[in-house]
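The values are calculated or read from the model by the stated rules, or taken from the named source; none is laboratory data. None of the values given here were measured: they were computed from a predicted structure. Heads up, the Cβs are rebuilt from the backbone with ideal geometry, glycines too, and the neighbour counts pull from every protein chain shown. Ligands, DNA and RNA are excluded from the accessible area calculation, which covers all protein heavy atoms including side chains. Shrake-Rupley method; radii C 1.70, N 1.55, O 1.52, S 1.80 Å.
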Amino acid sequence: SELIRGFLLSGMPCPSSCPPGLLALMAPGLALMATFSLPSQAGDRRALPVEKPPGVKGRTLILLDVNTKSPVRIISENFLSLQLDPSIIHDGWLDFLSSRRLVTLARGLAPAFLRFAGKRTDFLQFHNVKNPAKSRGGPGPDYYLKNYEDDIVRSDIALDKQKGCKIAQHPDIMLELQREKAAQMHLVLLKEQFSNTYSNLTLTARSLDKLYNFADCSGLHLIFALNALRRNPNNSWNSSNALSLLKYSASKKYNISWELGNEPNNYRTLIGRSVNGSQLGKDYTQLRSLLQLIRTYSRAHLYGPNIGRPRKNVIAFLEGFMKAAGGAVDAVTWQHYYIDGRVAKVTDFLKTRLLDTLSDQIRKIQKVVNTYTPGKKIWLEGVGVTSAGGMNNLSDSYAAGFLWLNTLGLLASQGIDVVVRHSFLDHGHNHLVDQNFNPLPDYWLSLLYKRLIGPKVLAIHVAGLQRKPRPGRVIRDKLRIYAHCTSYHNHNYVRGSITLYIINLHRSRKKIKLAGTLRDKIVHQYLLQPYGKDGLHSKSVQLNGQPLAMVDDGTLPELKPRPLRAGRTLVIPPLTMSFYVVKNVNALACRYR
């Protein structure tokens, strides 16, 4: 057994002089070493295997190697991107996007796209009105902080005087009044969402300025989804309001990419009238022609159709769209939510069956896209842990990170170019930042991902003690391991380094021994665990035992690794997420951009 282990650790083939019996013993392990580990097929609803006693688990040693010669996928530099829902117009948070603290948090996740879209996209109308702050004149000093609307005006006037990036420092009392307003609007927004009836929203020129200023200051590229439900009598798209918005944006020289509509396969439930995929494809072609007439946007990117979960009728919708407009879009988009937020439980986030539901969707989307436009980029937009706005203490807790990190790993390994997280800040509980402008666990997880993970995806090889499946049972991986080249933007690591990220859903620790090209290298550990007495429900996290929090409104904390000596076995605590940078591997796949 020691001889077998030695060969597996070194990655060397067994010499020809090996006894036949030894070769037979080694075969299963070597076969596993040569297999790229992916989650098992989705859709299986059979019972999970019974857990083994902790003592057995503790003795499990997993051998891990990575193919460092060439990447299996290369994804976008903006792979992890963000979304803002138009509901921030309704509840007032759009007026606070100039906050120094919010801009600092968003900058931490750059480079990325910022998609402005959601359920209310198709009820949004642009109104090019005069500057309200100047027309109203602003409040006198006696009214400062006594009238909420006057405070907004005063803030706008101060922003107008700034050149370049416009940053505001809102007084605490002003933020408190806004939170009270948002709490009242939250009930209205939830009622609209559950009844599926939405009121119209007006986006003024000033509001668009604030939105673009936030994206520009944060180093994010804005993607704006236009209203697709403005229809002519013959059901074709009425582009008049969109043209007004395009002309205004062009006059300001705003660098924006575009979409049309949100989840168009559900329009019948919203307005009682459907738009099929073929018609939406014609609408996209019309929008492309419109963009080409405006010099600023003649080469602007266009993305769509942002369909919902790819069930049978949705796949038919996508096929109709691809026939009509497959060549008009720069990437094909769809969205996904794992759980109904109204019925979610913390144990849901630990189910491997749930983690694997995305795999089947990816295959369905890829099959259609590759049929009509082979090689076209595919994006997952509007992804969230839960639908219906999420659930407090669940979708904004540490537990939700298991789904989020696995989503990132799975999508990257399957070649999905960009994933857009819903949402950076909004009225629900799926966001990365709460209404006190404090980062939640998924924010810190995303920040670590951005700092450590590069766009090149590497194949992993795993060997170790494996459970044999019983008849009628499917083994699902509770230990998820992904590998990338370390981010080129992280100057703490030389090119050629590799980053592993690991999800341990077991209720006991797991041991991993690095083998082959990773053997005897210094490793930096970034172990993310819940902080405080709430456990998996916690909204605070610790990195290597130190709680994470902003230093001040303009400064994120230093993410300090824990160095591990060369050759040390990685010990993964139960129910945790972690990143490991293997230094100085000099991986051929990672030396060049």
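Laid out as a table, the results:
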item	result
Unique residue being at pLDDT below 95 and farther than 27 Å from residue 114 by Cα when the list is 386, 352	352
Pick from region 284-341, criterion among the small types (Gly, Ala, Ser) and touching a Leu at 6+ places or on another chain (Cβ under 7 Å), ranking: most open to solvent (accessible area, probe 1.4 Å)	298
Hits in region 95-116 (condition: open to solvent by 10 Å² or more (accessible area, probe 1.4 Å) and under 20 Å from residue 262 (Cα atoms))	113
Flag if residue 218 is at pLDDT below 95, under 29 Å from the mean Cα position of the chain (by Cα) and among the small types (Gly, Ala, Ser)	no
Cβ pairs under 7 Å, 6+ apart, first in region 245-271 and within 16 Å of residue 313 (Cα to Cα), second of a type in the set (Phe, Trp, Tyr)	265/317
Inter-residue pairs, beta-carbon under 9 Å, first on the phi > 0 side of the Ramachandran plot and of a type outside the set (Val, Ile, Thr) and in region 538-555, second in a loop (DSSP other than H, G, I, E, B) and open to solvent by 60 Å² or more (accessible area, probe 1.4 Å), 6+ apart	544/560
Residue match in region 557-567 (condition: over 26 Å from residue 103 (Cα atoms) and open to solvent by less than 40 Å² (accessible area, probe 1.4 Å))	yes
Boolean, residue 296 is at pLDDT below 95 and either assigned to a helix (DSSP H, G or I) or under 30 Å from residue 101 (Cβ atoms) (or both)	no
Inter-residue pairs, beta-carbon under 6 Å, first farther than 15 Å from residue 76 by Cα and in region 396-413, second of a type in the set (A, V, I, L, M, F, W, C) and open to solvent by 10 Å² or more (accessible area, probe 1.4 Å), 6+ apart	398/536; 399/346; 399/536
Residue 306 vs. criteria under 21 Å from residue 121 (Cβ atoms), within 21 Å of the chain's Cα centre (by Cα) and outside any strand (DSSP E or B)	no
Tally of residues being under 13 Å from residue 479 (Cα atoms) and in contact with a Phe, Trp or Tyr (Cβ under 9 Å, 6 or more places away or on another chain) across region 505-522	2
Close pairs (7 angstrom Cβ cut-off, 6 or more residues apart or separate chains): more than 20 Å from residue 528 (Cβ to Cβ) in region 488-506, open to solvent by less than 20 Å² (accessible area, probe 1.4 Å) and assigned to a strand (DSSP E or B) anywhere	488/454
Odd one out for residue 267, checked against (1) within 29 Å of residue 195 (Cα to Cα); (2) out of contact with any strand residue (DSSP E or B) (no Cβ under 8 Å at 6 or more places or on another chain); (3) at pLDDT 95 or above	(3)
